[in-house]
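The values are calculated or read from the model by the stated rules, or taken from the named source; none is laboratory data. None of the values given here were measured: they were computed from a predicted structure. Don't worry about glycine lacking a Cβ; one is built from the backbone with ideal geometry, like all the others, and counts go over all protein chains shown. With ligands, DNA and RNA removed, areas are computed over all heavy atoms of the protein, side chains included. Shrake-Rupley method; radii C 1.70, N 1.55, O 1.52, S 1.80 Å.
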Amino acid sequence: MVDHVPGLMLPILGVSLIAGLATTGGALCVLLLGSLGGRRLSGLLGFAAGVMLSVVAFDLLPSAWNWGGIGAVSGGFCLGALLIAACDFLLTQVTLSSKRGREAGPLRKMGYLIALGISLHDFPEGIAIAAGTAAESHLGWVVALAIGLHNIPEGIATAAPLRMSGMVPWKIIALTLVMAFFTPLGTLLGFGILAQSTQSIALLLALAGGAMAYLVWDELWPEASKRSPRWAWVGAIIGALGMAALSGMHH
């Protein structure tokens with residue numbers, strides 16, 4: 001494993017858990033404030049999309065390139081996008097075909113689907129935090145911050161349909177707390193993989209980049225621009241520029 005990693009493992013696992021708990025924070029927003037207005041939600045989702053694309057473009061892919069070149073970048077990126085696409089497809093099939101899913105009503109099904117999807121996304125995102133830490137000591141923190149910010153609207157997206165379907169608040173909070181642990185679990189697994197081979201750093205960074213780019217393209221941006229395209233763009237530009245400035249401070 002890379003020399004600086006062992007000393008950072010515990011703090012990074014802590015940061016990873018905080019990033020995961022941002023999902024619960026998003027759910028709390030819904031339970032305390034009610035459903036966010038269309039413009040506000042669009043701005044928030046756009047901001048998360050801008051942050052994630054900035055991390056992919058300015059941190060994950062350049063680091064992957066430095067560690068493994070074009071082969072690792074293109075292979076890992078495509079693999080990450082395909083992984084999330086396959087998870088989305090399978091979850092949709094499973095939920096639509098289950099009797100219980102149909103009976104619980106479309107809103108509850110949507111809430112569960114989002115929760116399952118986010119949990120699966122959080123796992124490779126946790127691995128990305130570990131890979132980022134191994135590549136450059138600051139990159140794990142940058143990735144964790146991006147994931148934390150993007151988990152807030154994901155928590156909102158999970159809680160809103162479940163609350164509207166009549167689910168009691170404590171069950172929603174319990175569900176998001178379980179989801180929160182997938183990020184540090186992914187980080188732990190990432191450190192385990194890296195202990196076996198540092199060659200996998202480039203591939204894992206690019207894989208995370210592909211997963212995050214697909215998430216923005218397939219989920220975050222369509223949702224953001226559906227309600228208020230102008231506010232989505234404002235949020236995206238602020239998020240991208242803010243994250244690019246934060247990355248620039250480290251380089």
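What's the angle, to the nearest 10 degrees (0 to 90), between helix 182-196's Cα axis and the longest principal axis of the chain? Around 20 degrees separate the two axes.
Counting every pair of alpha carbons in the stretch 114-240, the share spaced more than 20 Å apart comes to 49 percent. Taking only the alpha carbons of the stretch 1-84, we obtain Rg and Dmax values of 17.3, 48 Å in that order.
Remark: the Leu90-Leu10 segment gains 25.4 nm on full extension, using 0.36 nm per residue and subtracting the alpha carbon distance. Contact order normalised by length for the chain, with contacts defined as Cα pairs under 8 Å and 6 or more residues apart; what percent is it? Once normalised by length, the contact order is 46 percent.
Here the calculated FRET efficiency for Ala57 and Asp218, from their Cβ-Cβ distance with R0 = 22 Å, stands at 0.80, rounded to the nearest 0.05.
Averaged over its residues, the chain has an accessible area of 45 Å² per residue, based on protein heavy atoms and a 1.4 Å probe.
Label positions at Ile173 and Ser74, each projected 7 Å from the Cα along the C-beta direction, are separated by 5.1 nm.
Its alpha carbons considered, the stretch 149-220 gives a radius of gyration followed by a Dmax of 15.9, 48 Å. Mean projected area of the Cα convex hull of the chain, taken over all directions, amounts to 12.7 nm². Backbone geometry of the stretch 63-72 corresponds, through the Karplus equation with coefficients 6.51, -1.76 and 1.60 at θ = phi - 60°, to 3J(HN,Hα) couplings of 5, 4, 4, 4, 7, x, x, 5, x, 5 Hz, x marking Gly and Pro.
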